[in-house]
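The values are calculated or read from the model by the stated rules, or taken from the named source; none is laboratory data. No experiment lies behind these values; they were computed from the predicted model shown. We place every Cβ from the backbone using ideal geometry, glycine too, and count neighbours over all the protein chains shown. Keep in mind that these areas ignore ligands, DNA and RNA; they rest on the heavy atoms of the full protein, side chains included. Shrake-Rupley method; radii C 1.70, N 1.55, O 1.52, S 1.80 Å.
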Amino acid sequence: MAHLLGAENVHLEFPTRVVFDSVTLGIDEGDRIGVVGRNGDGKSTLLALLSQRIDPDDGRVTHRRGLTVGYLDQRDVLPAGATVGATVVGDRAEHEWAGDPKIRDVIGGLVSDIPWEANVDDLSGGQRRRIALAKLLVGDWDVLFLDEPTNHLDVEGIQWLADHIKRRWSANQGGLVVVTHDRWFLDAVSTDTWEVHDGIVEPFEGGYAAYILQRVERDRQAAASEQRRQNLARKELAWLRRGAPARTSKPKFRIDAANALIDDVPPIRDTVALSQMATARLGKDVVDLLDAGVAFGDDVILRDVEWRIAPGERTGILGPNGAGKSTLLNLVSGTLQPTTGRVKTGKTVQIAVLDQQLADLQQYADDRVREVVARKKTSYVADGKEMTPSQLLERLGFTSAQLSTPVKDLSGGQKRRLQLMLILLDEPNVLILDEPTNDLDTDMLAAMEDLLDTWPGTLLVVSHDRYLLERVTDQQYAVLGGHLRHLPGGVDEYMRLRASGSVPATASAAAAAAAGRPDTAGGTGSAGSVAGSGTVGGSGRPAAGGAGGAAGAGGADGAGGAAGAGAAPAAGAGVAVLSGAERRAAEKEMSALDRRIARIGADRQEVLDAFAAHDQSDYAGLGALQARLAGLEAEVEQLEERWLEVAEQLGV
C-alpha cells in the first residue's frame with residue numbers, strides 16, 4: 001500500500017516533561033487507526049504533530065506530495081455570524097452541493113434537524129460540534145484526523161459516523177487517525193490501535209477489543225518473565241524436564257489464546273449476591289412512576305410513563321438528543337415533579353446523581369483533594385473488602401501527588417472521578433449517572449466500570465457510550481415520542497427501530513423537500529424528536545394511542561410484567577385510538593409519504609438546475625419547465641397535507 005505520511009525519530013518536550021521520545025510511525029493507504037491512552041499522555045498532541053499543525057523539537061514529519069489533510073479539533077471554531085448552510089457548504093452553488101450524494105449524506109446524517117439559515121452563534125455546544133464535523137466531512141481528504149468526534153453525538157449519530165467512515169473510501173484508500181473514548185466506535189472503525197504512554201506510541205493490531213486482549217497478554221507475559229527471573233533454578237529444571245522449546249517460532253495472538261486468558265476470570269458481576277444486598281438496603285419499593293407525564297407549557301416531553309424500578313435494577317436509558325432522557329431521570333430523583341400522574345418513592349431510598357455539570361464540586365473549588373476526602377467516611381467496601389478513601393482514589397487513577405492539588409486545578413476527567421468517589425462514599429442506594437463518560441479516557445472508563453460492578457444498589461445510566469451501557473447495565477429502555485419503551489434486544493433493537501421506520505419520522509423530511517433540500521429527506525438526523533409507536537411491556541403489542549407503557553422492572557424474570565395496558569390515548573382529546581393493524585398501516589403510509597416527498601424534492605431541484613442552464617430565449621422550453629415545476633409543487637402540497645393527516649392520527 002502507498003505511503004501517506006510518517007514521523008521519524010520525533011522528540012517533543014514541554015517545559016515540565018517529555019511528551020514523545022524517538023517516536024517513529026507511518027500511515028499507509030487503507031490504515032484506520034484508533035489512538036488510546038490516559039488523559040494528558042499526548043494523544044491530541046500526536047495528531048497535531050502528524051498533521052504538521054505543530055513541529056517537533058527533533059526528528060521530522062513528512063507528507064506525500066499533494067497530500068490533503070482534514071482535521072477535527074476538540075474546539076469547535078466556527079465563523080462568527082455565519083449561517084449553518086454557509087458554514088457547512090461554504091460558497092458552493094446550491095445545485096453543486098445538492099447534487100453531490102456525499103454532501104447530501106453528511107448533511108442528512110448530522111445537521112438535518114438544525115435550521116439551515118440559523119446563525120451558528122446562537123446554537124448549543126452539541127449543535128456546533130455537529131456542524132464542525134459536517135463542515136469537515138463534506139470535503140475531500142486523503143487523511144482525516146479526528147479528535148473526539150463522538151462528543152455530543154447520540155447513539156444514532158455515532159452509528160451514522162461509523163458507517164460513513166467505512167464507506168467514505170475503498171478498503172485500500174485514504175487514511176484515518178481518531179482519538180475517542182467511545183470504545184464501540186473504536187471497534188467499529190479501527191483496523192489498528194496506537195497506545196500513547198510514557199513518551200512512546202505502541203502499535204497493536206485490530207480495534208479496541210483486540211487491543212485489550214493483546215495488552216492483557218503483554219502484561220501477563222511481563223509478569224511471567226519477572227517470576228522466571230525470581231525462580232530461575234526451578235524454571236530451569238522444569239525447562240530441562242520438558243525439553244527445549246522451539247526458539248524460531250513467533251506465535252501470534254489468536255482467539256484460543258484470548259479464551260485461555262479469560263478462563264480463570266470470574267463473571268464481572270455476582271448478580272444474585274448484588275440483588276440480595278440491594279433488597280436488604282432498599283426494601284421492595286424503590287421508585288415507581290405511575291402514568292407520569294411532563295410538559296413545559298404546550299411542549300409535552302413525557303406522557304403516560306409507567307415504570308416500576310426494582311431493587312438492584314441496572315438499567316440503561318437510550319433516546320435521541322432532546323427526547324427527554326434527563327427529564328426522566330429528574331422525575332426519578334425528585335428534582336422535577338410530574339405535570340400528570342405521580343411518582344412514588346420508597347421510604348429508605350437515598351438517591352445520588354452524577355450529572356453532566358459537576359456543580360456539586362463548586363463548593364470545594366479551593367480545597368485540596370485530600371481535604372475534601374477527609375470530610376467523608378473513613379472507609380468504603382468494594383469487592384467485599386474495606387478500602388480507605390486514598391485506596392479508592394488510587395483505584396480511580398489518582399496519584400499521591402494529586403492529593404495535594406486544589407479541586408479547581410483538576411482536569412475534567414479528574415473532577416469526574418472525584419465526583420464519583422464522593423458520591424460512593426455517601427453510600428446512596430440508588431445511583432443515577434447522566435453521561436458519566438465525559439472527559440474520561442478508556443483506562444479510567446474501565447476502572448469506573450470495575451467499581452460499578454460491585455455497586456449493590458439500583459443503577460440508572462443515560463449515556464451515548466454504547467460500550468458502557470452494554471457493560472454495566474442488564475437491560476435497556478428507550479425514550480421515544482415521549483414514551484418509555486422496553487428494549488428486550490438492547491441497543492441493537494433500538495438501532496433497528498430507528499433505522500426501520502417503526503418509529504415514525506419527524507416532519508423534517510417534508511420541510512426539507514418544501515425548501516428544496518433533498519439532502520435531509522432521508523437523513524438519520526443525529527438529534528431531533530421522534531414520535532414513538534410504543535408497546536406495552538416490550539411485548540410488541542401497541543399501546544392505546546401509541547402510549548409506550550414500559551415494562552415494570554420488578555418482575556420475577558428481571559424484565560417485569562407489562563404496565564400501562566390501560567394507558568390513555570396519546571395527547572389530543574379528539575384523536576381516535578387506532579388498533580394495532582391500523583397503526584401499522586398508518587406508519588407504513590407515513591414512511592411512504594416521506595420517501596415520495598424526498599423524491600419530489602430531488603426532482604424539483606433538477607428542474608431548478610435545468611432552469612439555470614436553459615437558453616433564456618427559448619420561451620417554449622422555459623414554459624415546459626415552469627409547467628413541470630408547478631406540477632411538482634402541487635403534488636408536494638397534496639402529499640404534505642396527507643402527511644399531516646396521518647401524523648394527527650398517530651398523535652405525532
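Assorted remarks:
Residues checked against (1) surrounded by fewer than 21 Cβ atoms within 10 Å (Cβ to Cβ); (2) at pLDDT below 75; (3) more than 23 Å from the chain's Cα centre (by Cα):
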| site | (1), (2), (3) |
| --- | --- |
| GLY397 | yes, yes, yes |
| ALA401 | yes, yes, yes |
| ARG416 | no, no, no |
| LEU424 | no, no, yes |
| LEU433 | no, no, no |
| ASN438 | yes, yes, no |
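- Residues (at pLDDT below 90 and open to solvent by 50 Å² or more (accessible area, probe 1.4 Å)) located in segment 106-120: ASP113
- Restricting segment 335-377 to residues that are among the hydroxyl-bearing types (Ser, Thr, Tyr) and within 25 Å of GLY312 (Cα to Cα), the residue that is surrounded by the most Cβ atoms within 10 Å (Cβ to Cβ) is THR345.
- The single condition from (1) touching an Asp or Glu at 6+ places or on another chain (Cβ under 6 Å); (2) of a type outside the set (Asp, Glu); (3) buried (at least 24 other Cβ atoms within 10 Å of the Cβ) that HIS197 fails is (3).
- Among the residues of segment 624-652, those that are among the small types (Gly, Ala, Ser) and at pLDDT 80 or above comprise ALA624, ALA627, ALA630, GLY631, ALA634.
Yes or no, residue by residue, for (1) in contact with a Gly (Cβ under 8 Å, 6 or more places away or on another chain); (2) closer than 17 Å to LEU650 by Cβ:
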| residue | (1), (2) |
| --- | --- |
| GLU582 | no, yes |
| LEU608 | yes, no |
| ASP615 | yes, no |
| ALA624 | no, no |
| GLN638 | no, no |
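- Segment 163-191, residues that are surrounded by fewer than 22 Cβ atoms within 10 Å (Cβ to Cβ) and more than 21 Å from ASP465 (Cβ to Cβ): ARG167, ARG168, TRP169, SER170, ALA171, ASN172, GLN173, GLY174, THR191
- Residues satisfying the stated conditions in segment 204-226, i.e. in contact (Cβ under 8 Å) with a residue 40 or more places away in the chain and loosely packed, with under 12 Cβ neighbours inside 10 Å: ARG220
- Yes/no for VAL332 being touching a helix residue (DSSP H, G or I) at 6+ places or on another chain (Cβ under 7 Å), open to solvent by less than 60 Å² (accessible area, probe 1.4 Å) and either at pLDDT 90 or above or basic (Lys, Arg) (or both): no
- Qualifying positions in segment 142-160 - within 15 Å of ARG498 (Cα to Cα), open to solvent by less than 30 Å² (accessible area, probe 1.4 Å) and at pLDDT 90 or above: ILE158, TRP160
- Boolean, GLY346 is within 20 Å of ALA478 (Cα to Cα) and modelled with pLDDT of 75 or more: no
- Among the residues here, PRO311 does not qualify as farther than 17 Å from VAL430 by Cβ and either small (Gly, Ala, Ser) or open to solvent by less than 50 Å² (accessible area, probe 1.4 Å) (or both).
- Count of segment 477-496 residues which are open to solvent by 10 Å² or more (accessible area, probe 1.4 Å) and either touching a Ser or Thr at 6+ places or on another chain (Cβ under 7 Å) or under 27 Å from MET387 (Cβ atoms) (or both): 1
- If you go through segment 12-47 and keep only what is surrounded by fewer than 18 Cβ atoms within 10 Å (Cβ to Cβ) and over 24 Å from the mean Cα position of the chain (by Cα), you end up with GLU13, PHE14, PRO15, THR16, ARG17, VAL18, ASP21, SER22, THR24, GLY26, ASP28, GLY30.
For (1) among the charged types (D, E, K, R); (2) farther than 22 Å from ASP182 by Cα; (3) part of a helix (DSSP H, G or I), each residue gets a yes or a no:
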position	(1), (2), (3)
ALA48	no, no, yes
GLY66	no, yes, no
GLY70	no, no, no
LEU78	no, yes, no
PRO115	no, yes, no
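- Any chance ILE103 is over 21 Å from GLN74 (Cα atoms), at pLDDT 90 or above, over 18 Å from the mean Cα position of the chain (by Cα) and assigned to a helix (DSSP H, G or I): yes
- Subset of segment 23-41 (residues that are out of contact with any helix residue (DSSP H, G or I) (no Cβ under 6 Å at 6 or more places or on another chain), in contact (Cβ under 8 Å) with a residue 60 or more places away in the chain and not hydrophobic (A, V, I, L, M, F, W, C)): ASP28, GLU29, GLY30, ASP31, GLY40, ASP41
- Sole residue being at pLDDT 80 or above, open to solvent by 20 Å² or more (accessible area, probe 1.4 Å) and aliphatic (A, V, I, L, M), chosen from ALA562, ALA581, ALA602: ALA602
- Count of residues meeting criterion [under 24 Å from ASP443 (Cα atoms), outside any loop (DSSP other than H, G, I, E, B) and not basic (Lys, Arg)] in segment 25-46: 9
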